[in-house]
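One structure is given here, and the rest of the page talks about it.
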Amino acid sequence: MKKIVLIGPECTGKTTLARALADRLGGVYVPEYSRPYSIRVRSEQGRNLTLDDVMPIVRGQIAAEAGAAAQNPDYIFIDSNPLASAVYSMWYYGREPEGLDGIVSSMKYDMYLLCAPDIEWEDDPARDMPVGREGIFAMFEEALAVRRLPFAVISGEGDERFENAMAALAGRVLPAERK
């Protein structure tokens with residue numbers, strides 16, 4: 001089972017790309033847990049997320065990944081993961097909650113696809129960052145590099161973005177007959 005994480009700033013096509021890759025390769029798509037969580041907190045509690053919300057998001061994301069892994073697919077395409085929570089914690093709160101670094105270090109993935117902020121930002125109830133995406137993109141890139149995690153930057157629009165992702169996977173996680 002190969003676990004591929006799509007990661008990066010908001011509104012960079014992670015969800016669309018993760019679904020398309022899962023469809024093409026017959027894998028399982030794991031949705032981003034923080035998105036519905038954030039929308040629920042805003043609508044039910046009338047507030048933005050705080051540092052106290054990070055660990056419940058991480059636990060929910062890990063549970064969703066475990067559910068996908070239990071299906072024993074060849075590929076799991078994960079829309080965000082605990083590393084994303086760590087990066088966003090640093091961006092929004094200047095620190096990570098206690099224990100998050102250990103969780104990030106313990107989670108193993110075969111490949112990260114870091115989605116570049118080169119597509120237009122679109123507003124929706126879960127997004128709040130129309131500017132600054134380049135700054136958080138740099139934080140993601142640094143977090144991946146410092147941890148020596150296997151990643152490729154994915155850019156382009158539409159089909160080009162998808163083909164760039166397929167090419168990155170072909171070079172690292174896809175068997176020869178799937179490339």
- Task: Report whether or not Tyr112 is of a type outside the set (Asp, Glu) and not in a helix (DSSP H, G or I).
- Result: yes
- Note on the structure: Among residues of segment 149-179 being over 16 Å from the mean Cα position of the chain (by Cα) and among the basic types (Lys, Arg), the residue modelled with the highest pLDDT is Arg172
- Pick from segment 109-125, criterion among the aromatic types (Phe, Trp, Tyr) and modelled with pLDDT of 95 or more, ranking: surrounded by the most Cβ atoms within 10 Å (Cβ to Cβ): Tyr112
- Tell me which of these Ala86 doesn't satisfy, since it passes every other one: (1) surrounded by fewer than 15 Cβ atoms within 10 Å (Cβ to Cβ); (2) within 30 Å of Glu44 (Cα to Cα); (3) at pLDDT 95 or above. (1)
- Query: Yes or no: Val41 more than 14 Å from the chain's Cα centre (by Cα), among the β-branched types (Val, Ile, Thr) and within 27 Å of Phe162 (Cβ to Cβ)?
  - Reply: no
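Considering only segment 72-86, state which residues are more than 17 Å from Phe140 (Cβ to Cβ) and out of contact with any Phe, Trp or Tyr (no Cβ under 9 Å at 6 or more places or on another chain).
Asn72, Pro73, Asp74, Tyr75
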- Boolean, Tyr33 is closer than 19 Å to Asn164 by Cβ, modelled with pLDDT of 95 or more and not basic (Lys, Arg): no
- Test: residue in segment 135-148 that is out of contact with any Leu (no Cβ under 8 Å at 6 or more places or on another chain), surrounded by fewer than 16 Cβ atoms within 10 Å (Cβ to Cβ) and at pLDDT below 95: yes
- Task: Restrict the check to segment 52-73 and report whether at least one residue is assigned to a strand (DSSP E or B), in contact with a strand residue (DSSP E or B) (Cβ under 9 Å, 6 or more places away or on another chain) and either surrounded by 18 or more Cβ atoms within 10 Å (Cβ to Cβ) or of a type in the set (Val, Ile, Thr) (or both).
- Result: no
- Please find, among Glu32, Glu44, Glu10, the residue that is in a helix (DSSP H, G or I), among the acidic types (Asp, Glu) and at negative phi. Glu44
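Residue by residue, here is whether (1) under 17 Å from Ala68 (Cβ atoms); (2) in contact with a helix residue (DSSP H, G or I) (Cβ under 6 Å, 6 or more places away or on another chain); (3) surrounded by fewer than 17 Cβ atoms within 10 Å (Cβ to Cβ) holds:
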residue: Thr16; (1), (2), (3): no, no, yes
residue: Arg19; (1), (2), (3): yes, no, yes
residue: Asp23; (1), (2), (3): yes, no, yes
residue: Glu32; (1), (2), (3): yes, no, no
residue: Tyr37; (1), (2), (3): no, yes, no
residue: Gln45; (1), (2), (3): no, no, yes
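Within segment 126-133, is even one residue over 29 Å from Gly26 (Cα atoms) and crowded, with 16+ Cβ neighbours inside 10 Å?
The answer is yes; a qualifying residue exists.
The values are calculated or read from the model by the stated rules, or taken from the named source; none is laboratory data. Not measured: the values here are computed from a predicted model. Note that we place each Cβ from the backbone using ideal geometry, even for glycine, and neighbour counts take in every protein chain shown.
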